[in-house]
Every structure is written in C-alpha cells, then in structure tokens.
1. How large is ³J(HN,Hα) for each residue in segment A:83-98, as worked out from phi by the Karplus curve 6.51 cos²θ - 1.76 cosθ + 1.60 (θ = phi - 60°), to whole Hz, x for Gly and Pro?
2. How much length is gained on full extension from D:K114 to D:D39, taking 0.36 nm per residue of separation minus their Cα-Cα distance?
3. Would you mind computing Rg(Cα) / (2.2 N^0.38 Å) for segment D:117-240, counting N as its residues?
4. Can you run the Rg to Rh ratio on segment C:1-78? Use alpha carbon positions and the Kirkwood inverse-distance Rh.
5. Where the centre of each part is set by its Cα atoms, how far does segment A:206-244 sit from segment B:20-70, in angstrom?
6. Taking neighbour Cβ counts within 10 Å as the exposure measure, how do D:L98, A:L336 sort from fewest upward?
7. For the protein assembly as shown, evaluate the Debye formula with one uniform point scatterer on each Cα (no solvent term) and list log10 I(q)/I(0) at q = 0.07 Å⁻¹, rounded to two decimals.
8. C:W27's amide H: which non-local residues (gap 5+, or another chain) put their own amide H closer than 5 Å, with H modeled 1.01 Å from N in plane and none for Pro or chain starts?
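Each reported figure results from applying straightforward, stated rules to the coordinates on display, with no laboratory input. Quick caveat: nothing in here was measured; it's all calculated off a predicted structure. Please note: Cβ atoms are built from the backbone with ideal geometry, for glycine as well, and neighbour counts cover all protein chains shown.
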Amino acid sequence: MKILNKSKLEEVLNRLGENADVYVPMSKGLQSGFYPWKSLEGGKDELMLDALNVYQPPKSVVFPQTERMYSLYQEGKGLKIEETYENDEPRVIFGARACDIKGIICMDEVFLTGGYEESFYKARRESTTIVANACYEPGPSCFCAAMGVDPLNPEGADVIIRDTGDAYIWEALTEKGEALSSTIKDLLEEKELSVPEAKPFIQQVDYDGVAEKLKGMFEHPIWDRTSEACLNCGICTYICPSCYCFDIQVKMYGHEGYRFRCWDSCMYEEYTREAGGGNPRPTGRERFRNRFLHKLEFFTERYGHPLCTGCGRCIVVCPAGINITSIISEAKEADLDA
Amino acid sequence: MSVENNNEWNPKIIVIACNWCTYAAADLAGLNHYEYPADIRIIRVPCSGRMDPLFMLRAFNRGADGVLLSGCHPGDCHYGTGNYYNRRRQMMMKRLMQFVGLEPERYQTSWISGAEGSKFAETMHKLVEDVTALGPNRKLRDER
Amino acid sequence: MNDFTQQIQDIASRLLDNGQVDVFIAWHKGQQDFQVQPYFARSADEAQNIIFNDYSIHNLSNSLLKFRDSKEKIGIVVKGCDSRGIIRLLEDNQIQRERLYIVGICCPGMKDPLQAMRDELGFNHKPESTELAAKCNDCIQPNPVIYDELLGTEQSPRVQDRFARVKEIEAMSADERYQFFEETISRCIRCYACREVCVACDCRTCIFDEMRPQWVGRENNTTDNLMYHIVKASHMAGRCIECGECERVCPVNIPLMLLNQKVIKDVNELFGPYEAGMQYVEGQKPPFSMYEESDPDDFL
Amino acid sequence: MHDDHKCNCEQPLVPGIVEVIDIKEETPDIKSFYVKNIDGQGVPFNVLPGQCAMISTPVGEGMFSCTWQEEQEWLQFAIKRVGLMTDDLHRIEVGQQLGIRGPYGNHFPIEESKGKDMLFIAGGIGLAPLRSFIKYCFKHREDYGKIQIIYGSRSYADLCFKDELFDLWPKEKDTEVFVTIDRPEEGWDGEVNFVPTYLEKLNPDPANKMAVTCGPPVMIKFVIQALEKMGYSDEQIITTLEMRMKCGIGKCGRCNIGSQYICLDGPVYNMVQLRQLPPEW
C-alpha cells in the first residue's frame, strides 16, 4: 500500500498547491475551518488534520457564501449581460471528514439533479478533488453513522487517507484521485501498515423510521416545545455542511452592476416573506419546524437520505443549546395522538 | 463615472442638507454668485432630524470621499428640536467612525443657517480642501 | 449552585401552582452537563426539570420578546446583567412590569457552554481555559437591579477597567484601526446570531431585513460586513446592557463588545453618566431619545 | 408532471434578454407586458398554460405566470404592482429590454381535462394564469365541453382583461361568463358578491366537470370549501400555489411545501395532491 509519511505532509501540500488551491482544516486565531494552505501563517495558524473536525465545513469551497453570477449593464432601454463568472479553477479539499463530504454529496444531488444542472456549482464541483480523512474515533457529538454515513469509507472521496500515527495510508479511489496521486508519487512510499481500529460511537441516535413518522407530525405539539428556546439566528444553517439554501440579489452602481447569490437561512423571517408582505412562515416556530422537517423528512422523501450528516456542528454552536439528536429522539418517541 | 476617468482626481463629496437652512444657504450662495467647488453633490432632506447615520455610511459605501451633514443652528430648527436629536447622534457616530479608522475630516458636520450663503461657500471650500488633502477614500468602499 | 437549582424549582412550582405565572423561564439540562438550554416551564411538574449550574449563562430576558404580544404572566430568572435587559425592555414598552415575576440571582460568574462544547467535543486543538466565561470577567453588575425575590449573596464586580480594550484600539492610528476592524470583521459570516441573541435588538422588522430600500447589502464582503457592524453598534448606542451575549455566541469570535463599549464610553463622556438598564424609572428615556440644549457640539 | 417545455440552457440561472413590444394597462395596478426576442424573431421559449418565467430588471427578479398563446409570437405577462421589482417594471416603457429565464414549473392538466366541462373561478390577478388555460380551451374548443368562468374583483376598475371578459369570451360557443365585484358602485348593475358566495349561488353542477381556481389565498380556501360542499371530488379541483421564489429551478430552497418545490413541481396541483402536503399553503 501507498504511505504518506507525516514528515512529508508539508511537501505534499506544497506540491498539490502548485496546480490547485488546496484547502486544509486549519485553525486561524480563534476560528477554524477549511482555509487555503497558502494562507497558513507559521506561529499563528495551525494545521488541524488530527483534530476531530473544524468549526466551518468545506462547503464554501464548492459553494461560497457569496458568488458573483453575472454582470449587468444598462444603456438606455437596453440591458446586457456582459460576463458570467463561472469559476472552474482547480482546487483540492484535503483532509475532509466523511460527514463533510456527505454534505457535498447532498449539494450535488440538489444542484446537479432534478432536471437542472446549476452551472456555477457545477463548474466549482467538477474542478474539485476531495482527499478524505477517515475517522476512527468519533467525538462526543458525532452521529454520522446514524445518518447513513460511513466514517471509515467516505462516499464521494477521490482519495482517502487513514491516520496510523506517524504516517497516512494513501489510497486513490477515482480517476481524479489517481491523477492527484500521480503528481506526488515520488513523495509516497510503498509499505504495509495496519489500519487503525475504529472506536464506537459515544452518542446513540436512532433515525430509523423517523422520516416516515415525521410525515404525520407536521401539526404535532412537539414543535411548540422544541422551538421555544430557538433564537432564529442562522448559525446552524451557516456552519452546516449540507445546508444549501441561497438568495439571489443584485448590486447596481448607476447603470452597471452584478447579480450574485449568497447563502440564505430558513431561520430568517425575510426568507419566505412575499413581495406583497404575506409570509407563510411568520413565526420562529414555523421556521424551526421547516428546518428540521427539511433535514429529516422532506429531503429524505426527495433524495432518499436525510440532509443531516451527523457532524454535530449545530449542536456545538447553537447559542440556545438546541440539539438535533434530541429532536430525532423526541420525534422517535413522540406519541402521535398527543 | 466621468470623474474617475479624468487623469486628475477630484473628490466626490456628498452634502446632506436640511431643507430649511443649509439648502436655503446653498440657494443664497448661488444667488449671490459665491463660488464653491463643483465636487459636491447636495442631497436635500426635510430636517437634520432625518439624517440617519445610514445615509453617511451608504455614501462612503458607494464611493464618496467625504460627507458633510448640515442643518440649522441649535435652537433654530424649523421643527423645533430635530437638530438637537441629530447633534447627539452625530457626536456619537463621528467618534464611532473614527474608532473604526475613518479620518475625521472625511465626515463632517456643521450648522449653516439660511442667511449664511457665504458660510456655505466657505464650508464647501474647506471641506473640499480637507478631503483633497487626504486623497481618495478606500475605507468602507464597496469592492465593485 | 445546586442550592439555587432547588430554590428556583421551589419558587417556580409555587408560582405555577398558585397561578401567579403561566410560564416560568429558566434553564434545563441537555445531554451533557454543559449543554444547558433555556427552558419554559408551564406546570409545577415541568418546574422539576429546571436547573441552575455553572453553565446557566444565557441572558433569558431576550426570551421575553417572544411574549410581548401575549397576555401570559411570566416568571423569569435573571442574573445581574440579564436584569438590566429587563429594564431595557420595560423602558422600550416591550413588556409590562405587572406581568413579570423576577427571581434575581447574585451571579458568581458563569462558564461558557459554547466554550465547553468546543473544548469537550473535539473542535478545538488545544482546549482553552475552563475558568469563567470571558464576558463574566468583564462583569460590572453581578447583582440584579430589578427583582421580586433575590437569591444568593451580593457579589462584587470583577472588571478592573472595562474600557481597557477600547483604549488600546484608540491608541492606534486611523489606518491601523481600520486594518484591525477589516481583519476581524471580514470573518463575519452574517449569521445574525449577535442580533438575535441581543435583548436590546427588539425591533419587529430589523433594518437588515428591510428590502425596500435595502440599506445594507447581503454580500459577505468586508464592506457590507462593516456596514452591518457599524450600523448595529450605532443602534446599540444607549441600549447595550453589556451582557456580552453577542460576543459569546459569535461563531467566528469577532470582538463585538469592543464596538459597543466604545459607544458606551463616548455616551458617558459626552452626555453625562448613562448606563443602560441600571435603574428603572418610569418614563425615563434612553440618551438618544432626548437631548439637552447644553449638549456638546465640538464635532471633531 | 414534467414535460418537454423546459429550459435546457447551460446556465439556468443566467437570464436571456427580451424586449418589451407593448404594454397595456389592465387596471390601475396591473399592466400586461408583451415581450419578444430582441431580434424581433419570436420568443425565447414556448410555454404551456400555467407555466411561469422569471423576469428580471436591474432591480430584481420575479416569477410570473406566462399567458399561453398558440402562435407563440410573443409572451405576455400580466403583472400587478406589489413590491420593489414590480414597481420598477410598472415604470418601464415599450422598447425596454428585460431579462427572462424559464419556462418553469408544471402546467394545467390540458390532457386530463379533455372531454370535460370546465369551470374557471378567479379573483383579482388570479385570472392571469387561468386565462392561459381559458385561451387554450377556446383554441381547442372541440376538445372541451361547456365553459363557465366566474371572476371577481374589488371594483369594476380592478377587473383585468375587460375586453375579453365582456366582449370576446361571452361570444364564444357554449360559454358563460359571470363577473362580480366586492362592493356596489355607481354604473355597475351586475353581481355584487364575493367570489366564493357567488359560486355557491350559481351552484354549477359537478357532473363531468373540472374546476380550476386561482386568486388570493383566502379566496382559494373558501372556493375549495364551496366546491366540496357542492359535491366536487378532490380530483375535480385544481388550483395553483404561490410561495416566494428566487431560483425557479428547485435549488434555492425557499418555495418548499413539504418535499415539493412549488417552482419546479408546482404551481398547479389538484386537491388529491394538496392533501398529501403539509397544510402550509
């Protein structure tokens, strides 16, 4: 098997960085996320490949928070679109966990199926190579396996690395992965190492049958209670590896400008407010319900698996301590006649 | 914009003027043929009480190099008290803007009454001079 | 702390039982000790779920906004800083004093559940200190300023100079300051948690949700983010009660209280001592809803 | 309910450009816009009755129902002034170029309705989408049975498409048009009633009939109740839903009702389908 010795890691990242933007898990001051390897400042920033995960998922590599779509130019009564900004620069996501890659797969399904291929996402996605970091030790808030994610063999990875202590076992899984491996083949060694042993999950979550059951729970009183503490901020949606809702807006400077899209959150009142002023989801309760039903029921109905990948980030960041696993178990245990 | 295409840079300055005093002063300045620089663009609002700090922020955001808010002298407000409320807001806002790094000369406030046509012209001269000395503003400006 | 738990449970059961309140707002435990969550007890039975521990840090006064249109009578637990939030809401006529039964706690300082999450759940390389939450180290008012019942013994403020950070920034040059804010604020992901968690942000329609006209762009870039934070800070003028929740919940650790404290410092210097929500006097107005003819106008 | 009438452009979020060739004032706050390709040759895409398109000006984008017509010489949109973007639209003049992308969504059940009597019930601007279907029925007159149109608005001035309503449609073969306004006014000697009440008063027989309704949400709600009372089955009741939309292609998330995206899977639903959805419409 191919081995990447950790002493060669920097060299590998530098090499990969010659042809692509390489995004690695990194802590920068008080925040952590997937940032360009090139932006690492010694002494200040730190590579976080061996941490369980980072605060911000790699979602923004393929689906940036703000993305310009096209320019607009107005002249008299004429309207022109002069340029579209599709970005297909090659990029590598290095060291993503299975949950985060599953988030990208969810976005693939949304943006690339259903009759329309969204071209801006497609350009970024097709030029992205994913190097997955297999997870052998789930953290206390991890529950990916319960959501149908295999932390040891991430679906959607082009290359997989397995941490054995001093070295990573390197395995290319796709053509893209092979191509990536070939650029660093002189830095890989041939050696047999044993795969680490997987530790059990600490958090027990049972999602079986929940999607089906939630179908009958739209008006269930569970939503009154669970949504009470929710502040309707957008943290959970913005740090979620799979939340993909976006808004399309325009900026004009006199006669020229551009239209862009940016992340949006179903938690905001403005999200579904109609031009005439009506809003089908006027209070926090409806928005809260829609978010969890979308994650746990609607998406499963449409695409066959939940929109939650069990990364546990929303549990970590929620200012009100709302825990999606509690909501899953409450739904599981709920009395339908209540 | 045409101003930017000139080789020589001219500042873009927004003057937010109250209808009853400063705007009248601008009229008077015109009537009396007092000259003042052409780099200013006046936005008329009903009262200094209407001068939301957002106007100033938005102006910088959209490319202004300097902003002046101007209204009636304290005690002379057409509506009685608008400028008193505005005065508090401006005092706070100016310090906040300096705190985030804006040069104080870029964001000015003054009282100009309807009879002070010459003061209006002088203020504009001074304003354009101050802002020109600082050069183009990049702070808070949108990346187009 | 367990002491407080029992006391609060007793008070809540009593009030709910005899119908003095319809809902009692406190905390309950999540899956782990540090996963404490705001809790709305509606019966004496439910009151038994209430806990108060090291991590009961949330400013519950913000939850009162959910009840501003209802007639329900509400019991609520507040610490020193939170109680100032209640005065803020009373001043803004968002809630009526008669509807409230306030249980005050002299606050010994709290730990930050979000910090604990990061430390315990593997999202941090090096666990940070597990001492008091940062905001509690800046505390100027640990004892409730409004209450119907008081628990615990008086605590003393923990902060030496609460404007120390502000003064540090003030000492920089204009360009250095701009660079500092550009750097910190460009991190913002505009999740609006700082707004939603703020008790002083009680507008029904926020200016940032307003689309007609849209004053602040939704693009996530430095200037739009700066616009957001400057406008927010200016709206906080005379309103911020220094509970520090905005800074605590920020997922990218922007020092938000720096802007708020700058404004507090200036308002105090310019318009005479004013601390938002320190004392409830009916009809009293916040500093930007009033003026003095003698206010300074040395504008630079 | 997908069909071949679908945008297959490579960049579904980037609009094409069309030119406004005519603007007609329907009511004080509704205007009809006729658009064509900028080279004057035809339209950017063909639509089926009920389908929508995303129109954009430099101010914003908005989803509007297209009016179907057989010749496909132009596309017509009847647009009410309600918000920022429609405000901007109402200020433009003939010759103005607009962005357009589409067509989006499903269409009215033109096939399934063949051989049946048609009952159209509309309120206010809700006539605009139904008009597509009505025009389609007239064009293929032999395929459909008796046609009844019930339409109401706040006042006479607010009635859309007056020439068709009062002159053209009543002259069509085997067609009845019933018009009502909400409040009595001088010079109006017709019906004064709300649409659902008028519907109950007319009491059209459900036998072999399709009832298609569109209008303000409360009107739809009461029309559906009235139809049920009159004995219409769920399969016979068709309506269109409305949610805020941004992308139009089922990606941006906001227009969902349950697992359905109104922009992609809707806007046309019959009651059988609606009963499967969470009651959020």
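1. Each residue of segment A:83-98 in turn: 8, 10, 9, 7, 10, 10, 4, x, 8, 10, 9, 10, x, 7, 7, 4 Hz.
2. Going from the current span to full extension adds 23.3 nm.
3. Here the answer is 0.98, to two decimals.
4. 0.95
5. 51
6. So the residues, fewest neighbours to most, are A:L336, D:L98.
7. So the normalised log intensities work out to -0.74.
8. HN-HN under 5 Å from C:W27: C:Y39, C:I51.
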